[in-house]
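J.: Below is one structure. I have some questions about it.
Please treat every number below as a calculation from the coordinates, not as lab data. Bear in mind that the values here come from a model prediction, so they are computed numbers and not experimental data. A quick note on method: Cβ atoms are made from the backbone with ideal geometry, for glycine too, and the neighbour counts reach across all protein chains shown.
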Amino acid sequence: MSSGSRTVWAGGGVLWRPVGDREVQVALVHRPRYDDWSLPKGKAEDGELLVQTAAREIAEETGFEARVGQRLRTVGYPLKPGVDKKVTYWSMEALHGAFTANHETDELRWLSIPDAAALLSYSADRKVLADFTAEPVRELHTCLLIRHAKAGSRSRFEGPDRQRPLDKHGRRQALALVDVLGLYGAHSLHAADRLRCVQTLEPTAEALRTEIAVEPSLTEEAYAADPVAAFARLRTLAAAGLPVRAVCSQGKAIAPLLEQWSRESLLELPASHNRKGSVWILTMRGDQLVALDHLPSPIPGEDD
C-alpha cells in the first residue's frame, strides 16, 4: 500500500454449496466491464459493517441468500494513484436463490475447487480460495459469543445488580444485533442469568419468534466459582452445530474463557477491547475451536 493513500473498503465471499456426500462447489462471477472471473464482492456503503457489505454483494451479484461463516482474509491492492482497495472475504453457504444477469455480472458458474482456481483471473482470489479450502467447510459450523450490550453504571443502579437493565445505547446495540446475528444464521439463543444479557438477545428472539434459554453457569460469578463448569457449558453449546447458537455473557467470563480456549487450541486470540455489544465468532469442527474472529460492535462506525 502506498503511504498516505485513501482506502476504499469492500466485502465479498466464497459462496459455496454441497455436492454429493463430501464435495463442494463454489460460485464465480463474470464481470463484463473487466472481462474477468472473480469471487463476488463490492464496495461498502455508508452505515454498513463489512460483513453486511459482503452478504449484500453476494445477494446482488449472484442472486443467492447466504449464511455467513468463517472470515477468510483481507486482500489489498492499488485501485488507482492515491487510492488503495481492501476487500475482506468470508465463507458463505448458499441457502436459496437463483442467478439473474445484471449490470455488474452477466454469468455465474458453479465449479469444483480445482476448476475455480484455474478460472479465477486474479492471484489474490486464488489465495482467498486456498484459505477457504484449509478446513473441510462441510464439517464446520459457527457459534456466536456476545458480550451484553451497555447497561449503564453499576454504582448508579439501586437494585440488585442481576436486574440492571440495558440503557438507551444498549437497546440500540441489541436492535442492531438482530441483523448481525441473522447473517450468521443464529436461531438458538442462550443468555447468562442476568437481565442485561437476556435483554441483549430479546429483539433477536422476537424477530425469530423463539425463546431465550437462561444459562446460570455463564455469569461472571458462576465462572469465578467454577471456571471448569463454565468452560464445559460453553464448549457444549458451541459444539452443538445447527441451529447456530448465539450465547450472551459478561466480560469477566468471556475474556478468560476465550483466553483458555484459544491457548488450548493453539490459536491466536484477536486483539480487542471486548467491549459491550461486541460479538465473537467461533468457527467449530465438532467440539474443536478452529478459528476466532471478533466484531467490535453491531453498530457501524463503532469499533476498537
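J.: Within region 104-118, can you find the residues that are exposed (fewer than 15 other Cβ atoms within 10 Å of the Cβ), in contact with a strand residue (DSSP E or B) (Cβ under 7 Å, 6 or more places away or on another chain) and not acidic (Asp, Glu)?
T.: Correct list: 112 only.
J.: Going residue by residue through region 192-203, is there one that turns out to be among the polar types (S, T, N, Q) and touching a Leu at 6+ places or on another chain (Cβ under 8 Å)?
T.: Yes - at least one qualifying residue is present in region 192-203.
J.: Can you find a residue in region 53-62 that is among the hydrophobic types (A, V, I, L, M, F, W, C) and either in contact with a helix residue (DSSP H, G or I) (Cβ under 8 Å, 6 or more places away or on another chain) or free of Cβ contacts under 8 Å to residues at least 40 places away in the same chain (or both)?
T.: Yes, region 53-62 contains a residue that is among the hydrophobic types (A, V, I, L, M, F, W, C) and either in contact with a helix residue (DSSP H, G or I) (Cβ under 8 Å, 6 or more places away or on another chain) or free of Cβ contacts under 8 Å to residues at least 40 places away in the same chain (or both).
J.: Kindly indicate which of 140, 145 is under 16 Å from the mean Cα position of the chain (by Cα) and over 20 Å from residue 212 (Cα atoms).
T.: Exactly one residue qualifies, and that residue is 140.
J.: At least 2 residues that are polar (S, T, N, Q) in each: list the strands (runs of 3 or more DSSP E) lying fully within region 1-118 that qualify.
T.: 64-80, 83-97
J.: Among the residues of region 65-88, write down those that are under 19 Å from residue 113 (Cα atoms), surrounded by 19 or more Cβ atoms within 10 Å (Cβ to Cβ) and over 11 Å from the mean Cα position of the chain (by Cα).
T.: 66
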